[in-house]
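The values are calculated or read from the model by the stated rules, or taken from the named source; none is laboratory data. From a predicted model like this one, the values you see are computed outputs, not experimental measurements. Here Cβ is always computed from backbone atoms with ideal geometry, including for glycine, and neighbour counts include all displayed protein chains. Protein only, heavy atoms only, side chains kept; ligands, DNA and RNA dropped before computing areas. Shrake-Rupley method; radii C 1.70, N 1.55, O 1.52, S 1.80 Å.
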Amino acid sequence: VNIPASLERLVAELARLPGVGRKTAQRLAFAILRNDTTRAHALAQAIEEVKARIRFCEQCFGYAEDTRCTVCTDGRRDPASLCVVEQPGDIYVIERSGVFRGLYHVLLGVISPLDGVGPDQLKVRELLARVERGGVTELILATNPSMQGEATALHLSRLLGDKVPRITRLARGMPVGANLEFTDDVTLNQAFSGRQTFGS
Ligand SMILES: [Zn+2]
């Protein structure tokens, strides 16, 4: 029995999302269809709005609805402490744990020669410029503990080593290959409080 074409299209789109298999996609599609029209429209509108309104913060490259994000414009944050992450979503993981009160810098990826991604494809030049403007006393490298994440941290520590008084890396509480995105608050708290000077 074939699923009607328009329903199949929705299933196919949902199945493209990470962590959503064909079975889950079908379940979600049926649920959307069962909902009343208002709910279905609200979902469609939310997706369109997020694509239309969200942009990268001009300073940290996190998500923002204005030129700067809500972290960068918060005067209570400590600009001397800069935490470098791979993706905008990593900011919310760290924020949820409540362990960090400084500012962020999102690289929008990691160095991965096999995928043709070098420092020039990332927001590394922008990070260098931010650091060179002065005032940063600690740079926390919070890239994931994967091979690419480690290579990226190493590159940044060499590039910025003589420009920042202290460069640290999150402690090894996080399992190798783990993604920041899936790290729980307790582990993240330990990783932050146990952070070590890079290379030691
Ligand atoms: Zn920002």
Looking only at region 157-185, count how many residues are at pLDDT 80 or above and more than 16 Å from the chain's Cα centre (by Cα). 13
Just checking, does region 18-31 include any residue being away from the ligand (no atom under 16 Å from the Cβ), part of a loop (DSSP other than H, G, I, E, B) and closer than 30 Å to T137 by Cβ? no
With respect to L114, determine if the residue is among the hydrophobic types (A, V, I, L, M, F, W, C) and away from the ligand (no atom under 15 Å from the Cβ). yes
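State which residue is most open to solvent (accessible area, probe 1.4 Å) when the search covers only region 127-168 and only residues that are charged (D, E, K, R) and touching a strand residue (DSSP E or B) at 6+ places or on another chain (Cβ under 6 Å).
Within region 127-168, the subset charged (D, E, K, R) is 130, 132-133, 138, 150, 158, 162-163, 166.
Narrowing further to those that are touching a strand residue (DSSP E or B) at 6+ places or on another chain (Cβ under 6 Å): 138, 166.
Numbers: E138: 21, R166: 94 Å².
Step by step, filter region 127-168, then rank; the result is R166.
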Under 6 Å by Cβ, and 6 or more places apart or on different chains, what pairs join a residue from region 55-67 that is polar (S, T, N, Q) and part of a loop (DSSP other than H, G, I, E, B) with one that is more than 7 Å from the ligand (Cβ to nearest atom) and open to solvent by less than 100 Å² (accessible area, probe 1.4 Å)? none
Which numbered condition trips up G135, out of (1) within 26 Å of T187 (Cβ to Cβ); (2) part of a loop (DSSP other than H, G, I, E, B)? (1)
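Please find, among V50, V11, V1, the residue that is open to solvent by 50 Å² or more (accessible area, probe 1.4 Å) and in a helix (DSSP H, G or I).
Details: V11 fails: open to solvent by 50 Å² or more (accessible area, probe 1.4 Å); V1 fails: in a helix (DSSP H, G or I).
After ruling out the rest, the residue left standing is V50.
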Can you pull out every residue in region 64-97 that is closer than 18 Å to D184 by Cβ and among the aliphatic types (A, V, I, L, M)? V85, I91, V93, I94
Note down all Cβ pairs under 7 Å where the first residue falls in region 6-21 and is at negative phi and aliphatic (A, V, I, L, M), the second is open to solvent by 60 Å² or more (accessible area, probe 1.4 Å) and not in a loop (DSSP other than H, G, I, E, B), and they're at least six residues apart or on different chains. L7/L33; L14/L28; A15/R22
Here is a list: G89, G98, G62. Which entry is touching a strand residue (DSSP E or B) at 6+ places or on another chain (Cβ under 9 Å), more than 13 Å from the ligand (Cβ to nearest atom) and of a type outside the set (A, V, I, L, M)? G89
Quick one: how many residues across region 14-46 are under 25 Å from E181 (Cα atoms) and open to solvent by less than 100 Å² (accessible area, probe 1.4 Å)? 11
I'd like to verify a number: residues in region 91-126 that are part of a strand (DSSP E or B), aliphatic (A, V, I, L, M) and open to solvent by less than 10 Å² (accessible area, probe 1.4 Å), how many? 1
Determine, yes or no, whether T137 is among the hydroxyl-bearing types (S, T, Y), modelled with pLDDT of 95 or more and within 16 Å of the ligand (Cβ to nearest atom). no
Quick one: in region 71-82, of everything that is assigned to a loop (DSSP other than H, G, I, E, B) and either surrounded by 14 or more Cβ atoms within 10 Å (Cβ to Cβ) or of a type in the set (A, V, I, L, M) (or both), which residue is nearest to the ligand (Cβ to nearest atom)? C72
